[in-house]
Amino acid sequence: MSDTPSRPELPDHLSIDARSPFYVAAIFEHDIGIRFNGKDRKDVEEYCISEGWVKVPAGKALDRKGNPLLMKLKGKVEAYYR
């Protein structure tokens, strides 16, 4: 018998920023991974599978509120549980 708790389905659009409307706290209780253009990325801040983009920090640059500046990259996006 498996006691593995059921994982919520991964949404099409997800953000790690708690202020975003695309933030889902229940998903971050589990370890998730993002594969972008066939390579695993560990620095993804936000993704959208249907539109095919991810947002990643642009170096060490910060905005005036101290948040990292994000760069949008387009390509094939896959989200999965590790």
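The values are calculated or read from the model by the stated rules, or taken from the named source; none is laboratory data. Given the structure is predicted, the values throughout are model-derived calculations rather than measurements. Ideal geometry is used to build each Cβ from the backbone, glycine not excepted, and the neighbour counts take in all protein chains shown.
Of all residues in the stretch 44-82, how many are surrounded by 16 or more Cβ atoms within 10 Å (Cβ to Cβ), in contact with a Pro (Cβ under 9 Å, 6 or more places away or on another chain) and either of a type in the set (D, E) or at positive phi (or both)?
Going through the stretch 44-82 one residue at a time, the tally reaches 1.
May I ask you to list pairs of residues, at least six apart or on different chains, whose Cβ atoms are under 6 Å apart, with the first in the stretch 8-26 being more than 12 Å from E45 (Cβ to Cβ) and the second being hydroxyl-bearing (S, T, Y)?
If the second residue must be hydroxyl-bearing (S, T, Y), the pairs left are D12/S50.
Do you know which of the residues in the stretch 1-46 that are in contact with an Asp or Glu (Cβ under 9 Å, 6 or more places away or on another chain) and of a type in the set (S, T, Y) is farthest from N67 (Cα to Cα)?
Y23
Just to verify a result, which residue in the stretch 57-76, among those that are of a type in the set (D, E, K, R) and part of a strand (DSSP E or B), is modelled with the lowest pLDDT?
Our first condition is that a residue be of a type in the set (D, E, K, R); within the stretch 57-76, this holds for 60, 63-65, 72, 74, 76.
This time we only want the ones that are part of a strand (DSSP E or B), so: 60, 72, 74.
Values: K60: 94, K72: 97, K74: 98.
Among those residues, the one meeting the criterion is K60.
Please find, within the stretch 35-48, the residue that is nearest to V77 (Cα to Cα) out of those that are free of Cβ contacts under 8 Å to residues at least 40 places away in the same chain and over 10 Å from the mean Cα position of the chain (by Cα).
First pass over the stretch 35-48, keeping only residues free of Cβ contacts under 8 Å to residues at least 40 places away in the same chain: 37-48.
Restricting the remaining residues to those that are over 10 Å from the mean Cα position of the chain (by Cα) gives 37-40.
Numbers: N37: 7, G38: 8, K39: 10, D40: 10 Å.
The selected residue is N37.
Determine whether A79 is among the small types (G, A, S), touching a strand residue (DSSP E or B) at 6+ places or on another chain (Cβ under 6 Å) and either without any contact (Cβ under 8 Å) to a residue 40 or more places away in the chain or outside any strand (DSSP E or B) (or both).
No, not satisfied.
In the stretch 40-73, how many are in contact with a His (Cβ under 9 Å, 6 or more places away or on another chain), acidic (D, E) and within 18 Å of V24 (Cα to Cα)?
Selection size over the stretch 40-73: 1.
Return the residues of the stretch 23-43 that are surrounded by 12 or more Cβ atoms within 10 Å (Cβ to Cβ) and at negative phi; say none if nothing qualifies.
Y23, V24, I27, F28, H30, I32, G33, I34, R35, F36, D40, R41 - these are the residues of the stretch 23-43 that are surrounded by 12 or more Cβ atoms within 10 Å (Cβ to Cβ) and at negative phi.
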